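The values are calculated or read from the model by the stated rules, or taken from the named source; none is laboratory data. These numbers were taken from a predicted model, which means no experiment stands behind them. All Cβ positions, even for glycine, are placed from backbone atoms using ideal geometry, and neighbour counts span all protein chains on display.
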Amino acid sequence: MGTINRFFKGSILTLIAGLVLAYIAGESFHLGGPKAVFIALILSVLEVSLSFDNAVVNATVLKDMDKVWRHRFMTWGMLIAVFGMRIVFPILIVAIIAGQTPWDAFFMAINQPAQYAATLTSAHVVVAGFGGTFLLMVFLKFFLDKEKDVHWISMIEAPLSKVGRMHSFEIVLCITAVYMMSRAMPHHEQLPFVLACLAGLACYLIVDGFSALLENEEEEKSHANGATVAVARTGLSAFLYLEVLDASFSFDGVIGAFALSNNIFIIAIGLGVGAMFVRSLTIMFVEKETLDAFRYLEHGAFYAIGALAAIMYLGTVHEISEVVTGLIGAGFIAVSLISSIRHNKKAIQS
């Protein structure tokens with residue numbers, strides 16, 4: 001009970017407030033208050049189930065951040081995640097596609113929700129290209145790390161770690177995957193998809209490069225002051241990385257949410273509550289040092305990210321249910337957790 005109060009008190013309060021707002025929105029838009037509350041709950045559960053691996057990956061970054069930046073991630077980052085990615089960004093996409101102002105797109109979402117949903121859904125190829133490529137690079141960067149010495153599935157990870165000695169080989173693999181995927185798409189969608197993928201690749205390289213730049217500066221300052229401990233990630237670069245990562249995870253969820261409701265307020269409430277719980281999980285993983293206690297949990301999360309990237313790519317040519325996506329991600333997490341527990345038991349016995 002103490003753990004729940006410590007890590008999930010804010011999320012539970014957000015859930016209660018969100019359900020009240022969902023009821024009000026349902027009644028205001030003549031959708032029915034109870035129905036709106038039910039949809040918001042379903043969206044919250046889906047967000048948590050689809051983003052559980054995101055919480056694990058976030059924890060790998062947050063554990064090297066100080067408490068100030070962790071707090072900023074929970075406050076500023078939450079505002080960006082809920083209002084930025086779940087409300088503002090979809091409206092901007094619709095505005096660009098429809099050739100309207102964001103304000104007109106917002107009124108379209110309120111007064112013509114079906115048209116708004118159709119316009120946003122039509123951008124799925126571009127959104128999947130950008131988000132899928134960013135996540136693919138996150139996946140490849142982890143497994144093609146030449147310094148990685150802990151392997152869960154050795155027959156796969158050990159060779160990948162050796163291949164990682166080739167500088168920037170993950171970029172070659174990513175571009176190859178983009179080319180092969182584009183060849184399977186209708187001709188009129190190939191160029192938008194490739195351009196979106198290149199934008200996703202560029203975004204990853206900029207964020208990763210910015211992180212490396214700040215890291216080198218911090219290391220130089222540390223050495224100049226006689227310190228011997230290298231700084232893993234600076235707060236600002238890690239914050240930017242986490243926000244783009246969250247955006248990549250949320251793209252498909254935002255679009256998929258329109259299968260349950262066309263009301264942007266109910267969608268934002270449901271996904272926002274789920275995002276709050278994901279952040280609470282992240283903080284709990286960090287402060288309880290869960291990743292250190294379960295050796296392969298991080299590996300499972302990155303495999304889930306790779307699977308999500310592949311699903312986002314394949315989703316541009318074949319419709320794939322969010323349930324399948326959630327089950328695959330949960331499967332990797334569950335199996336890696338079981339493997340970690342078995343490893344811990346063997347370590348105790350030996």
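Every listed requirement among (1) assigned to a loop (DSSP other than H, G, I, E, B); (2) surrounded by fewer than 21 Cβ atoms within 10 Å (Cβ to Cβ); (3) of a type outside the set (D, E, K, R) is met by residue 261 save one, (2). Of the listed requirements (1) modelled with pLDDT of 90 or more; (2) within 30 Å of residue 195 (Cβ to Cβ), residue 168 misses just one: (1). The set of residues in segment 210-237 that are closer than 27 Å to residue 174 by Cβ and either modelled with pLDDT of 80 or more or β-branched (Val, Ile, Thr) (or both) contains only 234.
Here's the yes/no breakdown for (1) farther than 17 Å from residue 15 by Cβ; (2) buried (at least 20 other Cβ atoms within 10 Å of the Cβ):
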{"position": "28", "(1), (2)": "yes, no"}
{"position": "31", "(1), (2)": "yes, no"}
{"position": "35", "(1), (2)": "yes, no"}
{"position": "43", "(1), (2)": "no, yes"}
{"position": "49", "(1), (2)": "no, no"}
{"position": "54", "(1), (2)": "yes, yes"}
{"position": "57", "(1), (2)": "yes, yes"}
{"position": "67", "(1), (2)": "yes, no"}
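Of all the numbered requirements in (1) surrounded by 21 or more Cβ atoms within 10 Å (Cβ to Cβ); (2) over 27 Å from residue 127 (Cβ atoms), residue 287 misses one, and that requirement is (1). When restricted to residues that are farther than 17 Å from residue 335 by Cβ and of a type in the set (S, T, N, Q), segment 134-173 contains 2.
Taking segment 58-105 as the region of interest, how many residues are closer than 27 Å to residue 277 by Cβ and in a helix (DSSP H, G or I)? Steps first, answer last, please.
First, the residues of segment 58-105 that are closer than 27 Å to residue 277 by Cβ: 58-93.
Okay, now just the ones that are also in a helix (DSSP H, G or I), so 58-62, 67-93.
Here the count works out to 32.
For segment 126-163, the set of residues classified as assigned to a helix (DSSP H, G or I) and over 24 Å from residue 312 (Cα atoms) consists of 154, 155, 158, 159, 161, 162, 163, listed by residue number. When the residues of segment 293-320 are filtered to those that are in contact (Cβ under 8 Å) with a residue 40 or more places away in the chain and in a loop (DSSP other than H, G, I, E, B), the one that is surrounded by the most Cβ atoms within 10 Å (Cβ to Cβ) is 316.
Is it true that residue 118 is among the aliphatic types (A, V, I, L, M), surrounded by 21 or more Cβ atoms within 10 Å (Cβ to Cβ) and over 20 Å from residue 235 (Cα atoms)?
no
Looking at this structure, is residue 248 part of a helix (DSSP H, G or I), touching a helix residue (DSSP H, G or I) at 6+ places or on another chain (Cβ under 6 Å) and closer than 25 Å to residue 316 by Cα?
On the way: part of a helix (DSSP H, G or I): yes; touching a helix residue (DSSP H, G or I) at 6+ places or on another chain (Cβ under 6 Å): yes; closer than 25 Å to residue 316 by Cα: yes.
Taking the combined requirement at face value, the residue satisfies it.
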